[in-house]
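Engineer: Take a look at this one; I'll ask things after.
The values are calculated or read from the model by the stated rules, or taken from the named source; none is laboratory data. Nothing here was measured: the structure is a model prediction, and the numbers come from that model. Ideal geometry is used to build each Cβ from the backbone, glycine not excepted, and the neighbour counts take in all protein chains shown. To get the accessible areas, we keep the full protein, side chains included, count just its heavy atoms, and leave off ligands, DNA and RNA. Shrake-Rupley method; radii C 1.70, N 1.55, O 1.52, S 1.80 Å.
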Amino acid sequence: VQLQASGGGLVQAGDSLRLSCAVSGRTFSSYAMAWFRQAPRKARDVVAAISWNGDITYYADFVKGRFTISRDHAKNTVYLQMNSLKPEDTAVYYCAGRDSRDIATRLDDYGYWGQGTLVTVSS
């Protein structure tokens, strides 16, 4: 299984970005997926997670109401729509997948990782 994240870039505070994570492999539809982020000199934290069928989602408190995670099984892709971006959202964003249909929020719960895409939000 390979994960390819894209969509990062340099934006101004208040702008929007949509990250994409293309997943190769026949069992994408049975994987729970998530987005994590890691700012300089900080730990990698979960941002949002989604169950295998999209029915259950999780959001970290710091993105609730601003970010939306979704998935498209036909395209084997997971998205993170980020609105009202703030400078503190600046980080490398990673998509992750796990061999389970159930949602999870810990780093160790995920065995598949993308390469990361940098999001920089200027004030």
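Engineer: Report in % the part of the accessible area of the chain that belongs to carbon and sulfur, leaving out ligands and nucleic acids; probe 1.4 Å.
Structural biologist: Exposed carbon and sulfur together represent 45 percent of the surface.
Engineer: Using the basic label-point model (7 angstrom from Cα toward the beta carbon), what is the Leu118 to Asp15 distance in nanometres?
Structural biologist: Distance between label points: 1.4 nm.
Engineer: Let me spell out the model: positive unit charges on the Cβ of Lys and Arg, negative unit charges on the Cβ of Asp and Glu, origin at the Cα centre of the chain. What dipole size does that give, in debye rounded to 20?
Structural biologist: Working: 14 positive and 11 negative charges, 28 e Å.
In total the dipole reaches around 140 debye.
Engineer: While we're looking at this one, here's another question. Below 8 Å, C-alpha to C-alpha, sequence gap of six or more: please give me the relative contact order for the chain in percent.
Structural biologist: 37 percent
Engineer: Find out how many positive minus negative residues lie around Asn53, taking Lys and Arg as positive, Asp and Glu as negative, among other residues whose Cβ is under 14 Å from that of Asn53.
Structural biologist: Taking every Cβ under 14 Å from that of Asn53, the sum is -1.
Engineer: Excluding residues fewer than 8 places away in the same chain, name every one of the aspartates and glutamates whose C-alpha is closer than 20 Å to that of Lys75.
Structural biologist: Partners within reach: Asp55, Asp99.
Engineer: Within region 64-80, list the residues whose amide N lies under 16 Å from a label point set 7 Å along Cα→Cβ of Ser29.
Structural biologist: 71-78
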